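Here is the structure we will look at, set down as structure tokens.
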Amino acid sequence: MLSNFRIVFIIVAFGIIGCKKEEPPQNINSFFKEVIEPDDRKTITPEEAKTYHNDTHRHYEYRTGKSGHYEYNYDVSGCNDLGDSISGNINIQGKYGAGVLITTDGEIEITAEWIDYGKLKAVDKDGNEYHLKVN
């Protein structure tokens, strides 16, 4: 009888000690997530210059960063909702980026998102959409 009590006591003790309060999930990507701004395409920081890479066989103009966290620069062209032709330059990291489109009215700052291979959807601050492709 005493040995059964010891076994039950040990099981209960391990059960209590083994239970830990579960912590909420951490956002792992937040450490590396940087918001790309339209002006990022204008300059390359000294840190980015250390990892600058140009490859004439790829669509991007250049890339900076380290494996898994590259930032790419692309020339793009496409059209707005009215069908007017536009072109510009953007920086992309992961699925999202930002840049500037050149229209007959001047430059428009946009944020962009990959929607398919070589295709992007961009939006300006007024909510106008642009359909772009990588040149």
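For segment 124-135, give me each residue that is among the charged types (D, E, K, R) and assigned to a strand (DSSP E or B).
Residues satisfying the conditions are Asp124, Glu129, Lys133.
Could you give every pair whose Cβ atoms fall below 6 Å, whose first residue belongs to segment 113-135 and is within 16 Å of Gln93 (Cβ to Cβ), and whose second residue is among the small types (Gly, Ala, Ser) and surrounded by 14 or more Cβ atoms within 10 Å (Cβ to Cβ), counting only separations of at least 6 or pairs across chains?
Leu120/Ala112; Ala122/Ala112
Taking segment 65-111 as the search range and keeping residues that are assigned to a strand (DSSP E or B), hydroxyl-bearing (Ser, Thr, Tyr) and under 14 Å from the mean Cα position of the chain (by Cα), which one is surrounded by the most Cβ atoms within 10 Å (Cβ to Cβ)?
Tyr72
Which one is farthest from Lys119 (Cα to Cα), of the residues in segment 43-101 that are among the aliphatic types (A, V, I, L, M) and at pLDDT 85 or above?
Out of the qualifying residues, it is Leu82.
Within segment 112-123, count every residue that is outside any strand (DSSP E or B) and surrounded by 15 or more Cβ atoms within 10 Å (Cβ to Cβ).
Within segment 112-123, residues that are outside any strand (DSSP E or B) and surrounded by 15 or more Cβ atoms within 10 Å (Cβ to Cβ) number 0.
The values are calculated or read from the model by the stated rules, or taken from the named source; none is laboratory data. Since we're looking at a predicted model, the values are computed, not measured. Virtual Cβ from ideal backbone geometry, glycine too; neighbours counted across all protein chains shown.
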